[in-house]
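Following: one structure in structure tokens, then a few remarks.
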Amino acid sequence: NLSTRLGKVFDRLKGKGVLSEGDVGDAMREIRVAMLEADVALPVVKDFIASVREKAVGQEVLRSITPGQMVVKIVNDHLRELLGGATSELKLASPPAVILMVGLQGSGKTTSSAKLAVRLRKDRKKVLLASLDVQRPAAQKQLEVLAQQAQVDSLPIVNGQQPLDITRRALESARREGFDVLILDTAGRLHIDESLMVELLQVRDLAKPHETLLVADALTGQDAVNVASHFHERIAVTGIVLTRLDGDARGGAALSMRQVTGRPIKFVGMGEKLDALEVFHPDRMAGRILGMGDVVSLVEKAAEIVDKDEAERLADKLQRGSFSLEDFKSQLLQVKKMGGMGGIMGKLPGIAKLKAQMGEAKIDEKIIGRQIAIIDSMTKIERRNPKIIDGSRRRRIAKGSGTDVADVNRLLKQHRQMQDMMKQMKKAGGLGNLKNLLS
Ligand code: GDP
Ligand code: MG
């Protein structure tokens, strides 16, 4: 799987501080293979690799994880973001809200229509199902049977009627009989063809659906881009239902379709039964595509450990009274790095405590950047012995770092406060207590 593969790529790089272009290049080859194996369409893979490369090169590697794990984390975060970040529910307007189901033949439109009906019924909605599929002889009957199982109404079948007539009748009946939602199940084709599109356009213009859901088989590999772009360009879908994820599809189609349409994946089909429809979760899908669910949590844990190590190291230094402005700077850098990784911050108990202790100093990237600039503008001697920093030195440092003397004063005061605090704690019970406080 991907993480062991990446592990091999990075074994020889252990201990390097920053991801170089070469390191990332090797890793990207592995990720490319993994994504193709997961059935992500090639153009989508290319885009993806390009943006991950940009994010990863130059990224600092956390101390107690391997560069490989670091890359995996970057890849996973980016993938999650592309897949939509959060779940996306149906948007249904005032009744009767119309949902139009479109897709290729056999993609799971009829089944998914019934599954959605069950879901909506459980939400106390009154649902009407109508089949516009006059292509296959038994299609309308199939939906009628499923509607019974779903315990919702279906539009009575009138033989010989064309899709537009059925649509008209369904709309009338939905209005007249006070249905909350009308689900229109349409015919598919084995391949995209013009007559199908024309039929769908006519139905769409008549029914003015609030949701147009593209139903697609998760096993659709490289063809996913074609299918999604054709349907989306012609009839503007509002969301995607990905079926057959109960099988061994790796889910690459999810990424391809999402990328091509820019529309959210709303539901996934997890079986043939009518209750087998789940809300789509981007994070689960990211793990599925890369086949690495555990790695990510492992990386997050490692990040916590790093922080604990760092906090304890800092505690030692403070206690010995040797906490220089250089140490302060490395602490600020660590905080900045954590903050920059987004989300991890909240999971770091040590940092959270420090944050509170530093009082007025907000852990804000901009402020931290300024603080680091101030320390950088000092001479080595000043950093090790801040007592010598008088008025004229302060003015010089402020100028050099593009800040005000007041900023320099504030930073020096913070540094002093941290030292004082440590002295007090040393009196109160020593390092043991301090460690408890930091963790
Ligand atoms: P349609 O032609 O698009 O209407 O497709 P159908 O809804 O008739 O589904 C075709 C076949 O796929 C049926 O045998 C369904 O039971 C099956 N199917 C649909 N969705 C799923 C799913 O999520 N998982 C599995 N395993 N089978 C599904
Ligand atoms: Mg069907």
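The values are calculated or read from the model by the stated rules, or taken from the named source; none is laboratory data. Quantities reported herein were computed from a predicted structural model and do not represent experimental measurements. Cβ sites come from the backbone with ideal geometry, for glycine too, and all protein chains shown count toward neighbours.
Values computed for the structure shown
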{"quantity": "Within the stretch 68-115, considering residues that are polar (S, T, N, Q) and in contact with a helix residue (DSSP H, G or I) (Cβ under 8 Å, 6 or more places away or on another chain), the one modelled with the lowest pLDDT", "calculated": "Gln69"}
{"quantity": "Residue among Arg176, Arg204, Arg136 that alone is within 15 Å of ligand 1 (Cβ to nearest atom) and of a type in the set (Lys, Arg)", "calculated": "Arg136"}
{"quantity": "Residue in the stretch 156-176 that is under 33 Å from the mean Cα position of the chain (by Cα) and more than 14 Å from ligand 2 (Cβ to nearest atom) present", "calculated": "no"}
{"quantity": "Given (1) modelled with pLDDT under 95; (2) away from ligand 1 (no atom under 15 Å from the Cβ), index of the condition Arg189 fails", "calculated": "(2)"}
{"quantity": "All positions within the stretch 232-252 that are within 13 Å of ligand 1 (Cβ to nearest atom) and part of a helix (DSSP H, G or I)", "calculated": "none"}
{"quantity": "Matching residues, the stretch 192-212, being modelled with pLDDT of 95 or more and under 20 Å from Ala254 (Cα atoms)", "calculated": "Glu211, Thr212"}
{"quantity": "Within the stretch 215-231, tally of residues that are under 12 Å from Leu104 (Cα atoms), in a helix (DSSP H, G or I) and of a type in the set (Gly, Ala, Ser)", "calculated": "2"}
{"quantity": "Among the candidates Gln148, Gln105, Gln135, Gln142, residue that is in a helix (DSSP H, G or I), in the same structural domain as Val181 (by TED's automatic domain parsing) and either within 12 Å of ligand 2 (Cβ to nearest atom) or in contact (Cβ under 8 Å) with a residue 12 or more places away in the chain (or both)", "calculated": "Gln142"}
{"quantity": "Hits in the stretch 139-162 (condition: more than 13 Å from ligand 1 (Cβ to nearest atom) and β-branched (Val, Ile, Thr))", "calculated": "Val152, Ile157, Val158"}
{"quantity": "Of all residues in the stretch 213-246 being of a type in the set (Val, Ile, Thr) and closer than 19 Å to Val198 by Cβ, the one that is modelled with the highest pLDDT", "calculated": "Val237"}
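Quick grid of which residues meet (1) under 28 Å from Leu196 (Cα atoms); (2) within 16 Å of ligand 2 (Cβ to nearest atom); (3) outside the structural domain of His232 (by TED's automatic domain parsing):
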position: Glu54; (1), (2), (3): no, no, yes
position: Ile74; (1), (2), (3): no, no, yes
position: His78; (1), (2), (3): no, no, yes
position: Thr110; (1), (2), (3): yes, yes, no
position: Ala114; (1), (2), (3): yes, yes, no
position: Val127; (1), (2), (3): yes, no, no
position: Asp153; (1), (2), (3): yes, no, no
